[in-house]
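Asks: Have a look at this one.
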Amino acid sequence: CHPFRHGRWLWMHNGAIADFPRLQRDLCMAVDPALFPFMEGSTDSEVMFYLAVTFGLDQDVPGAVARMAGFVERLGKEHGVLEPLQMTVAVSDGQRVWAFRYSSQGASRSLFYSSRADTVRHLHPDLGYLREISDDTRIVVSEPLGDLPGMWNELPEASCAVIPSGPEPDYLPFLPDPG
């Protein structure tokens with residue numbers, strides 16, 4: 001179960017590959033044979049992770065996830081599954097977190113990220129537990145935790161957030177790469 005781990009990578013997926021049993025064999029056959037022994041289960045989430053590793057997660061996280069998503073969509077359509085992918089994904093290398101929100105039908109499950117801790121401390125000085133965390137701390141959740149104005153930002157459909165974001169924007173557009 002989540003999170004899936006390989007080397008320095010952790011992977012969490014909320015969603016599904018539609019008609020996964022119909023696509024499972026072909027999806028698994030695309031996983032790098034050297035990685036296949038590390039797969040311990042039979043879930044769509046784990047297969048998506050190992051496909052992303054196969055497609056270059058170590059070199060380019062957004063690109064590898066885009067190639068994985070594009071492959072799932074292309075294979076799904078070849079098998080008559082018109083809207084094969086529903087995903088919110090968080091992946092981390094221990095230094096950064098990338099969060100993705102995407103679905104083939106354009107109606108993904110929700111995904112939220114918190115504002116920077118220094119911003120939330122300014123808006124809600126009564127939250128003492130925020131004094132002990134770094135300014136770059138962010139939280140990624142399916143639904144907001146509590147009703148704190150200015151705390152939660154919904155990740156838009158078909159986008160990717162990078163945490164910490166540095167000088168670049170909090171999120172960027174995300175589109176599958178059909179290869």
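Just so it is clear, none of the values below were taken in a lab; they were calculated from the coordinates. Quick caveat, the model's predicted, so the values are computed rather than measured. Methodologically, a virtual Cβ is constructed for each residue, glycine included, from the backbone with ideal geometry; neighbour enumeration extends over all protein chains shown.
Asks: So what is the calculated 222 nm ellipticity per residue for the chain, using -39500 (n - 2.57) for each DSSP H run with n of 4 or more, over all residues, to the nearest 500 deg cm²/dmol?
Replies: Values: 4 runs with 46 residues, N = 179.
Dividing the helical sum by the residues of the chain leaves -8000 deg cm²/dmol.
Asks: To continue, here is another question. I want the antiparallel fraction of DSSP beta bridges within the chain, as a percent rounded to 5. Before the final figure, lay out the partial values.
Replies: Working: 31 of 31 bridges.
Antiparallel bridges: around 100 percent, rounded to the nearest 5.
Asks: OK, next. Given the convex hull of the Cα atoms of region 57-154, what is a quarter of its surface area in nm²? Mind showing how you got there, number by number?
Replies: On the way: hull surface 29.9 nm².
Average of the hull's projected areas for region 57-154 equals 7.5 nm².
Asks: Can you give the percent of C-alpha pairs in the chain whose distance is more than 23 Å? List each step's numbers first, then the result.
Replies: On the way: 6666 of 15931 pairs.
Roughly 42 percent, rounded to a whole number.
Asks: When the chain is fully extended, how far beyond the present Cα-Cα distance does Thr119 get from Ala107, taking 0.36 nm per residue of separation? Walk me through the intermediate numbers first.
Replies: Values: separation 12, 0.36 × 12 = 4.32 nm, distance 2.96 nm.
Full-extension gain reported as 1.4 nm.
Asks: If I model a spin label at Asp58 and Leu35 as a point 7 Å from the Cα along the Cα→Cβ vector, what separation in nanometres do I get?
Replies: 1.1 nm
Asks: Which order do peptides 6-16, 29-39 fall in by mean Cβ count within 10 Å, highest first?
Replies: Working: 6-16: 17.2, 29-39: 12.4.
With the highest mean Cβ count within 10 Å placed first, the list reads 6-16, 29-39.
Asks: Still on this structure, please answer the following. By average Cβ neighbour count within 10 Å, what is the ranking of 153-164, 131-142 from highest down?
Replies: Numbers: 153-164: 17.7, 131-142: 13.5.
Highest mean packing first, the order is 153-164, 131-142.
Asks: While we're here: Bin width 5 Å, alpha-carbon pairs only: give the P(r) of region 65-122 as whole percents, running from 0 to the bin holding the largest distance.
Replies: Going from the shortest bin to the longest, the percentages are 4, 16, 19, 20, 14, 11, 7, 4, 2, 1, 0.
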